[in-house]
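See structure below.
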Amino acid sequence: MLITGAAGRIGRTVADALRERYPLRLLYHRSVPDEHAAALVRSRESGLPAPLADDRVEVMSADVADLEAMVRACQGISSVVHMAADPRVQAPWPDILNANIVGTYNVYEAARRAGARKVVFASSNHATGFYEKEGVFTTPDMPVRPDSYYGVSKVFGEALGRYYADEHGLAAICLRIGSFQPQPRGERQLSTWMSHRDMAQLVWRSIEADVKYGVYYGISGNTRAYWDLSNARAELGYAPEDDAETHAAQVLAAKS
């Protein structure tokens, strides 16, 4: 399994959780030399994932905006978990275009050329962010309503996944990730929180599910959720272990 954006918060957490389940290839940005990335991966003190054995984890450095580099990264890979992106919701369009539009196309195209069977795409709740602004409970089948260029880039990735699934038979699972934190921060995250272990579970269930294409919200089993998890439960078998409500008293007390 290839994980792009392996140095990011979600990428390194998922890699750390899944390294016992799959052989991993971790892709770092090309600004991180291969030998430095390998050293980081082998060091628990770095905060990045450490392999159980050298033959279980491989590291590479490349830029997702480089198509040929991505084709090389996808060689021999069955599934790609695409986490690499500019994560800034208010990032300017030129940055979004390069990292999130061109980069996402390159990942899908490289996966197709290399013969991979599936891409798990890290989409975002910002693909439907205007529903949240209006207080509307949102299901994955509702029309997209991005709240930023960042949100637009995630809608693009979802649409591109649909095309590659239909045209090329490459399975695509798109996860609209919520607030990925060790525990909820602030009242909003009592609804939008995604715990570390639930994120890892949602990824491995996406990899192993027999689904050609799907869009799913990525949050824990939050009592106050306003994004619908029913299709993730039914189609992927997702069974979240955490609920932000267990932190509600602490969060609300801090607010007052």
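Is it the case that the range 221-238 has a residue that's part of a helix (DSSP H, G or I), touching a Pro at 6+ places or on another chain (Cβ under 7 Å), of a type in the set (A, V, I, L, M) and over 17 Å from Val120 (Cα atoms)? No, the conditions are met nowhere in the range 221-238. Being within 19 Å of Thr104 (Cα to Cα) and of a type in the set (Lys, Arg) is the filter; apply it to the range 13-50 and report the residue that is modelled with the lowest pLDDT. Restricting to residues being within 19 Å of Thr104 (Cα to Cα) and of a type in the set (Lys, Arg), the top hit is Arg30. Residue count for the range 241-253 under the criterion of being surrounded by fewer than 16 Cβ atoms within 10 Å (Cβ to Cβ) and not hydroxyl-bearing (Ser, Thr, Tyr): the result is 5. Restricting the range 140-161 to residues that are among the charged types (D, E, K, R) and touching a strand residue (DSSP E or B) at 6+ places or on another chain (Cβ under 6 Å), which is surrounded by the fewest Cβ atoms within 10 Å (Cβ to Cβ)? Ranking the candidates gives Glu158 first. Just one of the numbered conditions (1) at pLDDT 95 or above; (2) surrounded by fewer than 23 Cβ atoms within 10 Å (Cβ to Cβ) is not true of Ser256: (1). Only one of the numbered conditions (1) surrounded by fewer than 18 Cβ atoms within 10 Å (Cβ to Cβ); (2) touching a helix residue (DSSP H, G or I) at 6+ places or on another chain (Cβ under 7 Å); (3) not polar (S, T, N, Q) is not met by Phe180, and that is (1). For the range 182-236, residues that are among the acidic types (Asp, Glu) and more than 26 Å from Pro143 (Cβ to Cβ) total 4. When only residues in the range 114-150 that are aliphatic (A, V, I, L, M) and in a helix (DSSP H, G or I) count, which is nearest to Ala99 (Cα to Cα)? Once the filter is applied, the top-ranked residue is Ala127.
In the range 68-75, the count of residues that are touching a strand residue (DSSP E or B) at 6+ places or on another chain (Cβ under 7 Å) and at pLDDT 95 or above is one or more.
The values are calculated or read from the model by the stated rules, or taken from the named source; none is laboratory data. Bear in mind that the values here come from a model prediction, so they are computed numbers and not experimental data. Because the Cβ atoms are built from the backbone with ideal geometry, glycine has one as well, and the counts that use them run over all protein chains shown.
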